[in-house]
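Participant: The structure is given below, and queries will be raised subsequently.
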Amino acid sequence: MQPFDDPAMVANYAQSTPRKVPGFADLHRMAVLLLAERAPETATILVVGAGGGLELTAFAGAQAGWRFVGVDPSAAMLDLARRVLGPLQARVALLRGHVDDAPPGPFDGATCLLTLHFLTKDERLRTLREIHRRLRPQAPLIVAHHSHPTGSEPIRWLARSAAFAGEATTNSAQAAAAAASMAERLPILSVEEDEAVLRQAGFSEVALFYAALSFRGWVAAA
């Protein structure tokens, strides 16, 4: 997670991330909708990888009765989250650390967006199990991160996402180079592997709700 301590990256995060993730704002809207199907009007939601504050701002703005606990290992990203949230921070507790440092709950729902692709298969299984332990029975979990269709080459999909992020200024060679760099740094799983890890962590009703180039999102129940 070292890039998230880079001041230049942190300073540009709120502007660059929506450009890199297709349908970024709609991903947040869908997450709220899916959480609200099972979470009460006065829900407390656990947000793992909350640094930056973009999803927290979207969630808190959409649901006035919800409260949030956000966990992130980067102090710089948590500072950014505080600035982005502004007055909405009154309903958000921000904690520096990992999911192990989150309160035991039980929470009425949880999200982990654009985070799990930084973790190895074993690490993400442990993380998902810790999230599961903190959720009420049948509480929803929303995850979204880089993944690739089973049987396909991940680097090809990463190159497409890199080209999307660069818009018209990125040629195929630049996109391929960016994809190769991401593939070296990120332990990306296939769709089949991702869904198996969710089930192994104890989640059921695992369903894909979002697919955009190399990004995939799932909803599941504790």
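Participant: Using θ = phi - 60° and the Karplus curve 6.51 cos²θ - 1.76 cosθ + 1.60, what whole-Hz ³J(HN,Hα) does each residue of the stretch 205-220 get, with Gly and Pro shown as x?
Facilitator: 6, 5, 9, 6, 10, 8, 8, 8, 6, 8, 9, 9, x, 10, 10, 8
Participant: State which stretch of the chain is the longest one without any exposed GluC sites (Glu not before Pro), exposure meaning a DSSP loop state and at most 15 other Cβ atoms within 10 Å.
Facilitator: Looking at the chain, 42-222 is the longest stretch - no exposed GluC sites (Glu not before Pro) with at most 15 other Cβ atoms within 10 Å.
Participant: Here is a further query. For the stretch 179-222 and the stretch 66-81, compute the distance between their C-alpha centroids and round to whole Å.
Facilitator: Computed from Cα coordinates, the inter-centre distance equals 23 Å.
Participant: Then there's this: Using only alpha-carbon positions, what ratio does the radius of gyration of the chain give when scaled by 2.2 N^0.38 Å?
Facilitator: Expressed relative to 2.2 N^0.38 Å, the Cα Rg reads 0.97.
Participant: If you don't mind, there's one more thing I want to ask. Carbon and sulfur atoms: what percent of the 1.4 Å accessible area of the chain do they account for?
Facilitator: Summing carbon and sulfur atoms, their accessible area is 54 percent of the total for the chain.
Participant: Through the Karplus equation 6.51 cos²θ - 1.76 cosθ + 1.60, θ set to phi - 60°, convert the phi angles of the stretch 45-52 into ³J(HN,Hα) values in whole Hz; use x for Gly and Pro.
Facilitator: 10, 8, 10, 9, x, 8, x, x
Participant: Counting Lys +1, Arg +1, Asp -1, Glu -1, what net charge surrounds Ser147 among other residues with beta carbon under 14 Å of its beta carbon?
Facilitator: Details: positive: Lys121, Arg124, Arg156, Arg160, Arg216; negative: Glu153, Glu192, Glu193, Asp194, Glu195.
Counting the neighbours of Ser147, the net charge comes to 0.
Participant: Let me ask something else. Between helix 24-36 and the chain, what is the angle of the helix's C-alpha long axis to the longest principal axis, kept within 0 to 90° and rounded to the nearest 10?
Facilitator: 30 degrees
Participant: Oh, and also: Could you tell me the accessible area of Asp101 in Å² (1.4 Å probe, neighbours in place), rounded to the nearest ten?
Facilitator: That residue has around 90 Å² of solvent-accessible surface.
Participant: Please state the charge dipole magnitude for the chain, taken about the Cα centre, from unit charges on C-beta atoms (+1 on K and R, -1 on D and E), reported in debye and rounded to the nearest 20. Walk me through the numbers before you get to the answer.
Facilitator: On the way: 21 positive and 22 negative charges, 58 e Å.
The dipole magnitude comes to about 280 debye.
Participant: Beyond 15 Å, what share of the Cα-Cα pairs of the stretch 167-222 remains, rounded to the nearest whole percent?
Facilitator: Here the long-distance tail beyond 15 Å is 60 percent of all Cα pairs in the stretch 167-222.
Participant: Hey, another quick one. Quick check for you: with a 1.4 Å probe and neighbouring chains kept, what is the accessible area per residue of the chain, in Å²? Don't skip to the end; give the middle numbers.
Facilitator: Details: 10090 Å² over 222 residues.
So the chain comes to 45 Å² accessible per residue, rounded to a whole number.
Participant: A further question on this structure: Quick one: helix 7-20 against the long Cα principal axis of the chain, what's the angle to the nearest 10°, folded into 0 to 90?
Facilitator: 80 degrees
Participant: Ok, one more. Bin by bin, in steps of 10 Å, what percent of the Cα pairs in the stretch 68-111 do you find, going until the bin that has the longest distance?
Facilitator: Per 10 Å bin, starting at zero, the Cα-Cα P(r) for the stretch 68-111 comes out as 27, 55, 18 percent.
Participant: Report, by chain and number, residues whose modeled amide H sits under 5 Å from the one on Arg67, excluding near sequence neighbours (fewer than 5 apart, same chain).
Facilitator: Ala43, Thr44, Ile45
Participant: Taking each pair of different alpha-carbon atoms in the stretch 16-81 once, compute 1/r for the pair, average those values, and report the inverse of that mean as the Kirkwood hydrodynamic radius in Å to one decimal.
Facilitator: In the stretch 16-81 this quantity evaluates to 12.4 Å.
Participant: May I ask you to derive the relative contact order of the stretch 94-222, considering only C-alpha pairs under 8 Å and at least 6 residues apart, and to give it as an integer percent?
Facilitator: Averaging sequence separation for qualifying contacts and normalising by length gives 31 percent for the stretch 94-222.
Participant: In debye to the nearest 20, how big a dipole does the stretch 108-222 give about its Cα centre with +1 on each Lys and Arg Cβ and -1 on each Asp and Glu Cβ?
Facilitator: On the way: 12 positive and 12 negative charges, 48 e Å.
So the dipole magnitude of the stretch 108-222 works out to roughly 240 debye.
Participant: Apply the a/c threshold of 1.5 to the C-alpha gyration tensor of the stretch 1-129 and tell me whether it is rounded, prolate or oblate.
Facilitator: Values: a/c = 1.40, a/b = 1.17, b/c = 1.19.
It is rounded, given that a/c, with a ≥ b ≥ c, falls under 1.5.
Participant: With axes computed from alpha carbons, what is the tilt in degrees of helix 75-85 against the longest principal axis of the chain, rounded to the nearest 10 within 0 to 90?
Facilitator: So the helix axis and the longest Cα principal axis differ by about 70 degrees.
Participant: Which whole-number percentage describes the relative contact order of the chain, with Cα contacts under 8 Å and a sequence gap of 6 or more?
Facilitator: Reported as a whole number, the value is 20 percent.
The values are calculated or read from the model by the stated rules, or taken from the named source; none is laboratory data. In this text, all values refer to a predicted model and were calculated from it rather than measured experimentally. As a convention, Cβ positions derive from the backbone with ideal geometry for all residues, glycine included, and neighbour counts pool all protein chains shown. Just the protein is used for accessible areas: all its heavy atoms, side chains included, with ligands, DNA and RNA removed. Shrake-Rupley method; radii C 1.70, N 1.55, O 1.52, S 1.80 Å.
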